[in-house]
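Structure, as structure tokens:
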Amino acid sequence: MPRQSSGARVAPEDCGAAALSIRDVGMVYGAGAGAVEALSGITLDIAAGEFVAVVGPSGCGKSTLLKLVTGLRRPSRGNILLQGRRVEGPRSDVGIVFQSPVLFPWRTVLDNVLLPIEVLKLPKARYRDRAMELLELVGLERFAAHYPAELSGGMQQRASIARALVQDAPVLIMDEPFGALDAMTREQMNLELQRIWQAQRKTVVFITHSIAEAVFLADRVVVMSPRPGRILEVIVNPMPRLRSLDDMLVPDFADQVRHVRSLLGGKGAEL
Amino acid sequence: MSALLRWMRRQAVPLLVFILFIGGWEAIIRGFAVESFLVPAPSAVIVALLRGFAQGNYLGHAGVTAFQAVSGFLLGSALGIAIAVLVVVFPALERIVYPYIVALQTVPKVAIAPLIVVWFGFGMESKIIVVALVSLFPVLVNMMAGLKAVDQDRLDLLASLSASRWQILRHLRFPNALPFLFAGLNTAIVFAVIGAIVGEFVGSNRGIGFLILQANFALDIAATFALFVVLSVMGVALHSVLQSIQRRALFWNRTVEAGPGATPPA
């Protein structure tokens, strides 16, 4: 379990209580005249159990931010603290869901879910029951022994969500996980993700280019601008849980979507 | 029953073509009275084939050639796989080792075979080594391509779990390379039979290659053709054994029939 920082007793809005704390992070690719500034001055605290969506047009550095938070890359400037500890490389206390399911076709669905356990050298036998429970949670319990090629795109992405949850990391990073799905499957997956998040009590950072998806899912929506990626505004979404698809029709929801879209200049992002 | 009928209907056209081909061949030989020491009639080939097996020496010689081809194939493939793994896991090695392998490949094996017979003798060892040299390259090249052609997202996933390079090899690169490996093995197994015959031509007293030389010297062209048939059957048999192993090993790869498919689109 992650260490508690010694300042745990201070006020809750202090970053000591944050599951993820991004402090003045900047990222520059390349050097000299050809250098590209991908992110600039990103500061954001995300509380434990919070669902935060990051939305912005392509080129706003969403994917770069993901690589920094997961430790796949180091920022050029600033610090990222995860569970109070500085991110200096890949960590087992983050689960990742990628744009595509990234399943291994030669492994069964169950073995795909258990892959992190094998790589992290955790006792596989002890996690088998948890993996089966997670498959049940994502509605794939009957497909545990199937191979990914036998599953639809939505089912494959569900399997990859189960895999991201298997090592019970407190933080889940999701990089446009439903971008490749058709609209109806996508709505269904949004509902399911909300249910899974409530059941598992994870801190979620959800990257998307769909404004509606961001507003529907998130407690807070982080709106980013492109080149270099900056935070334009962080919008708190007070709509109560659990949200249903019908909530997308209420005026509050439409107002939030309209507000986000106006921040983005009414272009560069889909509704 | 209907399955049998469907099977027969599917085989009907190829069978008809085969019969027409053999019949036409026979007719041309007889009609134009082609000398039997130039091109034998199919009937003469069948007679020679039956005689060869009845006298009992074809089977033994075929066994020798098959043994040489298979052992050399296994040796060459194992070496090819091992070198590919080393070169991909330690990329610095690639620039050191690979040029020698390409250089070796550009020298025709027919030219090296006499040397190998001088070094390793008239027995099976020299043939196995020739076969291994012939099989090595296609396996090595394909295996290297397969080990490298991994999806970046899958690498990122393993990197996010702090996987070691051996874990990446075991969980991702190696299984990913299997379709490529089998493409190489399929080429190598055919080369292997050729390699064994080349070795036997250079110097041997056993094997189908040896029998072909003998039949040629005796101007027994019908026997030469009969030995070609034996060789073809051997090649097809080895190839289909490999195919059935491939089907079992690559059950997850839907693009098997279309050749190497490294990363099926997710």
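Nothing in this text is a laboratory measurement; each read-out follows from the coordinates by a stated rule. Because the structure is predicted, anything quoted here is derived from the model rather than measured. Note that each Cβ is placed from the backbone with ideal geometry, even for glycine, and that neighbours are counted across all protein chains shown.
Some observations on this one:
- Here's how it looks for residue A:76: its modeled amide H is under 5 Å from those of A:26, A:27, A:28, which are all 5 or more places away or on a different chain.
- Loop-located GluC sites (Glu not before Pro) in the range A:30-110 whose Cβ has at most 11 other Cβ within 10 Å (DSSP): A:88
- Value of [θ]222 nm, deg cm²/dmol, for chain B, DSSP H segments ≥ 4, -39500 (n - 2.57) each, nearest 500: -27000 deg cm²/dmol
- At most 10 other Cβ within 10 Å, DSSP loop - trypsin sites (Lys or Arg not before Pro), the range A:92-192: A:121
- Label separation (residue B:11 vs residue B:36): 3.1 nm, computed from points 7 Å beyond Cα along the C-beta direction.
- Charge-dipole axis of the range B:39-258 as Lys and Arg at +1 and Asp and Glu at -1 on Cβ define it, positive-most pick from B:215, B:147, B:108: B:147
- Annotation: lysines with alpha-carbon distance below 23 angstrom to residue B:109 (same-chain offsets under eight excluded): B:127.
- Under the criterion of Cα pairs below 8 Å and six or more residues apart, the relative contact order for chain A equals 24 percent.
- Percentage relative contact order, the range A:97-168, counting C-alpha pairs under 8 Å, at least six apart: 49 percent
- Between the range A:230-245 and the range B:28-71, the Cα center-to-center distance that results, in Å: 82 Å
- Peptide B:150-158 - average C-beta neighbours from other chains (10 Å radius): 5
- Taking Cα centre as origin and charging only the Cβ of basic (Lys, Arg, +1) and acidic (Asp, Glu, -1) residues, the dipole magnitude of the range A:97-168 rounds to 160 debye.
- In this Cβ point-charge picture (+1 for Lys and Arg, -1 for Asp and Glu), the protein assembly as shown has a dipole of about 760 debye about its Cα centre.
- As a length-normalised measure over Cα pairs under 8 Å and 6 or more apart, the relative contact order of chain B settles at 26 percent.
- Total charge dipole magnitude, chain A, about the Cα centre, Cβ charges on Lys, Arg, Asp, Glu only, Debye to nearest 20: 880 debye
- Calculated FRET value between residue B:54 and residue A:145, using beta carbons and R₀ = 45 Å, to 0.05: 0.25
- In nm, spacing of pseudo-spin labels at residue B:96 and residue A:74 (7 Å Cα→C-beta vector): 2.8 nm
- Annotation for the range B:124-157 versus the range A:155-213: alpha-carbon center distance of 39 Å.
- FRET E, pair residue A:36, residue A:124, Förster distance 60 Å, beta-carbon r, rounded to 0.05: 0.90
- Taking each residue as 0.36 nm, the span from residue B:120 to residue B:166 lengthens on full extension beyond its C-alpha to C-alpha distance by 12.9 nm.
- Options A:263, A:229, A:240, ranked by Cα towards positive dipole end of chain A, top entry (Cβ charges): A:229
- Amide hydrogen proximity for residue A:207: with H placed 1.01 Å from N in the peptide plane, the residues at 5 or more positions away or on another chain lying under 5 Å are A:54, A:174, A:175, A:176.
- Links that overshoot a 26 Å alpha carbon limit, given the list A:67/B:148; A:124/B:148; A:62/A:124; A:67/A:202: A:124/B:148; A:62/A:124
- Candidates B:84, B:226, B:145: whichever shows maximal mean-square fluctuation once chain B is modelled as a Gaussian network with Cα springs under 10 Å: B:145
- Point-to-point label distance, residue B:218-residue B:3, nm (Cα→Cβ direction, 7 Å offset): 4.6 nm
- Whole-Å distance, taken between Cα centres, linking the range A:89-148 and the range B:189-235: 54 Å
- Kyte-Doolittle mean at least 1.0 and Cα axial length at least 27 Å: DSSP H helices in chain B: B:57-89, B:124-148, B:174-202, B:221-249
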